[in-house]
Amino acid sequence: MSDPAEYDVAVVGGGPAGLTAALYTTRLGHDTVVINRGGGRAAMMADTHNVVGITEDVSGNEFLGTAIEQIEGYGADYHQDFVTGIERVDGPREFHVAANSTTALADRVVLATGFSDEHPDPPLPRTGRGLHYCLHCDAYMFVDERVYVMGHGESAAHVAMIMLNFTDEVDLLLRGHEPEWSAETDRQVRAHPVEIIEAEIDSKFADEQREGWLGGFEFADGSRREYKGGFGMYGSNYNTDLAESLGCELTDDGTIAVDDHGRTSAEGVYAVGDVTPGHNQIPVAMGQGAKAGLDVHYELRRFPMSIEELDAAGEIDSSDVPAISERLRSRAASRAGGTDEAVGDD
């Protein structure tokens with residue numbers, strides 16, 4: 001493997017949060033690399049919801065593909081690779097980022113590593129075609145439709161009750177498990193018009209009118225129920241290994257603790273998106289990425305120099321400005337000249 005390339009910023013993860021952070025840092029004049037393993041929640045979306053200006057016929061992969069074109073158009077480097085480790089180093093840069101086939105040195109690291117939903121056991125419909133995980137993204141599609149919520153913990157019970165805001169036909173599928181919610185939640189959910197189905201699912205059947213979509217389930221007790229779709233509520237696995245190796249503090253729910261600008265407890269390390277506390281929504285993630293990108297800029301920008309820095313540096317002359325790298329400066333000039341019309345603007 002060749003010597004690592006040097007950057008101001010290394011972003012680990014290529015979802016909406018990470019790509020937005022990279023867009024900001026690159027446009028603000030900081031050499032940036034994004035290393036993304038691929039996949040992720042956004043990439044799984046068949047349709048994009050709740051993003052102003054993006055129509056619902058845009059898939060997650062199309063949405064992300066456009067974002068990658070944008071950051072590369074401004075001069076960021078993008079690698080699809082799996083980061084195996086990050087460590088602090090002594091030298092011209094603060095961090096060494098190692099991936100399977102890529103290495104990089106950087107002054108700041110932005111972790112946008114996300115999480116994975118725990119999937120229920122089969123038989124299951126296709127994700128996005130009858131099995132969903134984001135209530136705030138997909139509840140709208142079940143207005144006045146029969147819907148299930150699959151799970152036996154607190155979150156499943158509460159999501160079942162929340163779905164009554166959209167439809168009067170909500171089933172809570174325990175799949176043979178004993179409820180693990182509290183006595184208070186038990187009293188609450190049984191007081192709502194939610195039907196609790198205890199039997200395990202024996203098989204699923206397809207919707208005859210919508211190719212590839214769930215039609216419903218057949219249960220071990222011989223019953224058969226039709227659904228437009230529903231939600232699997234079995235928890236999440238947050239991808240925090242890199243954060244923990246860098247000494248980042250975690251919250252009680254397993255996310256990375258951050259301040260309002262995405263700073264973690266480890267100096268020079270930021271975290272954004274679904275791996276941090278809060279709503280798991282694309283616009284929220286993009287906002288977090290933007291705020292982190294701005295904060296990184298405030299930390300790394302060369303000018304204005306403080307009085308102490310001016311005293312140490314001496315006089316600033318024309319050779320010291322602009323502070324933007326030649327690579328990004330050249331890219332900006334080519335865009336201003338109209339040579340990158342095919343690249344989407346932000």
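Here is how the numbers come out for the structure above:
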| read-out | value |
| --- | --- |
| Residue match in the range 152-164 (condition: more than 16 Å from residue 193 (Cβ to Cβ), among the polar types (S, T, N, Q) and in a helix (DSSP H, G or I)) | yes |
| Total residues in the range 70-79, condition more than 17 Å from residue 333 (Cβ to Cβ) and touching a residue at least 60 places away in the same chain (Cβ under 8 Å) | 3 |
| Near pairs, Cβ below 7 angstrom, 6+ apart or cross-chain, from the range 1-22 (in the same structural domain as residue 101 (by TED's automatic domain parsing) and free of Cβ contacts under 8 Å to residues at least 40 places away in the same chain) to any residue that is surrounded by fewer than 24 Cβ atoms within 10 Å (Cβ to Cβ) and assigned to a loop (DSSP other than H, G, I, E, B) | none |
| Conditions (1) in a loop (DSSP other than H, G, I, E, B); (2) closer than 23 Å to residue 278 by Cβ; number of the one not met by residue 21 | (1) |
| Meets criteria (assigned to a helix (DSSP H, G or I), surrounded by fewer than 24 Cβ atoms within 10 Å (Cβ to Cβ) and free of Cβ contacts under 8 Å to residues at least 60 places away in the same chain) for residue 91 | no |
| So residue 54, is it among the aliphatic types (A, V, I, L, M), surrounded by 19 or more Cβ atoms within 10 Å (Cβ to Cβ) and within 29 Å of residue 237 (Cβ to Cβ) | no |
| Subset of the range 34-82 that is assigned to a loop (DSSP other than H, G, I, E, B) and hydrophobic (A, V, I, L, M, F, W, C) - its residue that is nearest to residue 212 (Cα to Cα) | 46 |
| Subset tally (residues that are acidic (Asp, Glu), under 19 Å from residue 141 (Cα atoms) and touching a strand residue (DSSP E or B) at 6+ places or on another chain (Cβ under 7 Å)) for the range 185-229 | 3 |
| Pair list, Cβ < 6 Å and 6+ apart or interchain, from the range 163-176 residues that are without any contact (Cβ under 8 Å) to a residue 60 or more places away in the chain and more than 20 Å from residue 124 (Cα to Cα) to residues that are outside any loop (DSSP other than H, G, I, E, B) and acidic (Asp, Glu) | none |
| Top-ranked residue of the range 260-310 - restricted to ones that are hydrophobic (A, V, I, L, M, F, W, C) and assigned to a strand (DSSP E or B), ranked as surrounded by the most Cβ atoms within 10 Å (Cβ to Cβ) | 271 |
| Single unsatisfied condition, residue 135 versus (1) surrounded by 13 or more Cβ atoms within 10 Å (Cβ to Cβ); (2) closer than 26 Å to residue 281 by Cβ; (3) at pLDDT 95 or above | (3) |
| Tally, over the range 101-127, of residues that are over 25 Å from residue 255 (Cα atoms) and either assigned by TED's automatic domain parsing to the domain that holds residue 215 or of a type outside the set (D, E, K, R) (or both) | 9 |
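Residue-wise test of (1) surrounded by fewer than 13 Cβ atoms within 10 Å (Cβ to Cβ); (2) in contact (Cβ under 8 Å) with a residue 24 or more places away in the chain; (3) more than 30 Å from residue 98 (Cα to Cα); (4) not assigned by TED's automatic domain parsing to the domain that holds residue 288.
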residue	(1), (2), (3), (4)
187	yes, no, yes, yes
205	no, no, yes, yes
208	yes, no, yes, yes
227	no, yes, yes, yes
247	yes, no, no, no
257	no, no, no, no
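The values are calculated or read from the model by the stated rules, or taken from the named source; none is laboratory data. This one's a predicted model, so the numbers in the text were calculated from it and none came from an experiment. Backbone-built Cβ (ideal geometry, glycine too); neighbour counts: all protein chains shown.
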